[in-house]
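The values are calculated or read from the model by the stated rules, or taken from the named source; none is laboratory data. What you see is a predicted model, and the numbers here were worked out from it, not measured in a lab. Because the Cβ atoms are built from the backbone with ideal geometry, glycine has one as well, and the counts that use them run over all protein chains shown.
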Amino acid sequence: MLKFIHITDVHLVEQGHALYGLDPYKRLVRCLDSVIEEHSDAALCVITGDLAHVGHPDAYRQLAHALERLPMPVLPILGNHDNRENFREFFPRVPVDANGFVQYEAAIGQYRALFLDTNEPGVSYGVLCERRAQWLADRLAEDERPVLLFMHHPAFALGIRSMDRIALLDTGPFQAALSGQAHRIKHLFFGHIHRPIFGSWRGIPFSTIRGTNHQVALRLDNTAKIPGSHEPPQYSVVLLQDESVTVHVHDFLDRSERFWLGE
C-alpha cells in the first residue's frame, strides 16, 4: 500500500498580510505540522493549484520555504490565482512541457501520474488549450499503465453554479485527449472548489477537498456571487493498492474529543 498527501488551494499572500481574516501562511504551517506528525511515511505530497492568491513572488518564496520541512517530495501544479513566471522563479525544478506549461508526469507506485496546467492569465476559469491537451493525449498514448490525473479546475459542472461558471469552460480539447483512454484514468484529483466533493464523471472517479485557508459554502442556487465560509480546512490522505484508490479526508484543525469506542 502506498500513501500520498493531497493539499489544495493554499492561497498564500505577501508575508504578514491576511486573507479573509486569516493568515494563509500560518494555516499552511499547521497543515504541514499535521502531515509531518501523522503521515511522515507518505511517499509524496501533491498540491493542486492556487498556491498563491494573486501570484505574488513573496507567496512562492514562503511556499518554497515551508515545503522544505516535508520529508517527502512535493509535486505542485498551478491554479487560476497563480502566476506561471513567478512560480517558476522559486520552483525551477518542477518540470514544464515543450511549450512552457507546468505539465509533467511522475510515477506513483504502479500508477502513472499526469499533472495538467489549466492556468490562463487574466481569467478565473480554466483553460486546457489544444497544445496542452495534445501533451495529455501523447502521454496517454505511450503505454497502457493505469493513470492518476491531477488538475486545478474541474472539467464538468458540480452543481455549485457560482463555481461552475469558472470551471474548465471549453472542455472539447480535454475530452478529445481522453477519447478511448478514459478507462485508464483510475482517479481524477482537482482543487478550485474549496469543498469536499466525490463522485464520477464519464466513469472516472474524482475527488476534491477544502483548501487550507478559506472555503466555498455549499449553495446550490443560482447566486451570482461566490459564497465564502470558514469551515474547517482539510487535506487528503490517499492510499493506493493494485486494485483500489482510497481517499481519506482529514480536517487537520479539528480538536474534538477522541476516545475509544466500546464494543
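Looking at residue 145, is it within 28 Å of residue 242 (Cα to Cα), surrounded by fewer than 16 Cβ atoms within 10 Å (Cβ to Cβ), in contact (Cβ under 8 Å) with a residue 12 or more places away in the chain and touching a strand residue (DSSP E or B) at 6+ places or on another chain (Cβ under 8 Å)?
yes
Do you know which residues across the range 1-56 are over 22 Å from residue 106 (Cα atoms) and assigned to a strand (DSSP E or B)?
Scanning the range 1-56 gives 12, 19, 22, 52.
Can you report the number of residues in the range 26-64 which are out of contact with any Phe, Trp or Tyr (no Cβ under 9 Å at 6 or more places or on another chain) and more than 20 Å from residue 250 (Cβ to Cβ)?
Number satisfying all stated conditions: 4.
Is it the case that residue 154 is within 18 Å of the chain's Cα centre (by Cα), modelled with pLDDT of 95 or more, of a type outside the set (A, V, I, L, M) and under 20 Å from residue 75 (Cβ atoms)?
Judged against the criteria, residue 154 is a match.
Does residue 127 fit the bill of being among the β-branched types (Val, Ile, Thr), at pLDDT 95 or above and more than 18 Å from residue 171 (Cα to Cα)?
Considered against the rule, which asks whether it is among the β-branched types (Val, Ile, Thr), at pLDDT 95 or above and more than 18 Å from residue 171 (Cα to Cα), residue 127 comes out as no.
What is the number of the single condition among (1) surrounded by 17 or more Cβ atoms within 10 Å (Cβ to Cβ); (2) over 25 Å from residue 173 (Cβ atoms); (3) without any contact (Cβ under 8 Å) to a residue 40 or more places away in the chain that residue 92 does not meet?
(1)
Starting from the range 96-112, take each residue that is within 17 Å of residue 48 (Cβ to Cβ) and list its partners that are among the basic types (Lys, Arg) and part of a strand (DSSP E or B), counting only C-beta distances under 9 angstrom and pairs at least six apart or across chains.
Here the result reads 105/112; 106/112; 111/186, each pair linking the range 96-112 to a residue that is among the basic types (Lys, Arg) and part of a strand (DSSP E or B).
Is at least one residue of the range 250-257 farther than 18 Å from residue 153 by Cα, free of Cβ contacts under 8 Å to residues at least 24 places away in the same chain and basic (Lys, Arg)?
yes
Would you check if residue 69 is under 20 Å from residue 87 (Cα atoms) and surrounded by fewer than 14 Cβ atoms within 10 Å (Cβ to Cβ)?
Yes, satisfied.
Based on what the data block shows, is residue 149 touching a helix residue (DSSP H, G or I) at 6+ places or on another chain (Cβ under 9 Å) and either of a type in the set (Ser, Thr, Tyr) or not in a loop (DSSP other than H, G, I, E, B) (or both)? Give the derivation first.
Details: touching a helix residue (DSSP H, G or I) at 6+ places or on another chain (Cβ under 9 Å): yes; either of a type in the set (Ser, Thr, Tyr) or not in a loop (DSSP other than H, G, I, E, B) (or both): yes.
Spelling it out, residue 149 is indeed touching a helix residue (DSSP H, G or I) at 6+ places or on another chain (Cβ under 9 Å) and either of a type in the set (Ser, Thr, Tyr) or not in a loop (DSSP other than H, G, I, E, B) (or both).
Quick one: would you say residue 13 is farther than 16 Å from residue 233 by Cα, among the β-branched types (Val, Ile, Thr) and surrounded by fewer than 19 Cβ atoms within 10 Å (Cβ to Cβ)? Write out each step before concluding.
On the way: farther than 16 Å from residue 233 by Cα: yes; among the β-branched types (Val, Ile, Thr): yes; surrounded by fewer than 19 Cβ atoms within 10 Å (Cβ to Cβ): no.
When the stated conditions are applied, residue 13 does not pass them.
Can you tell me which residue within the range 204-263, out of those that are among the basic types (Lys, Arg) and surrounded by 12 or more Cβ atoms within 10 Å (Cβ to Cβ), is nearest to the chain's Cα centre (by Cα)?
It comes out as 210.
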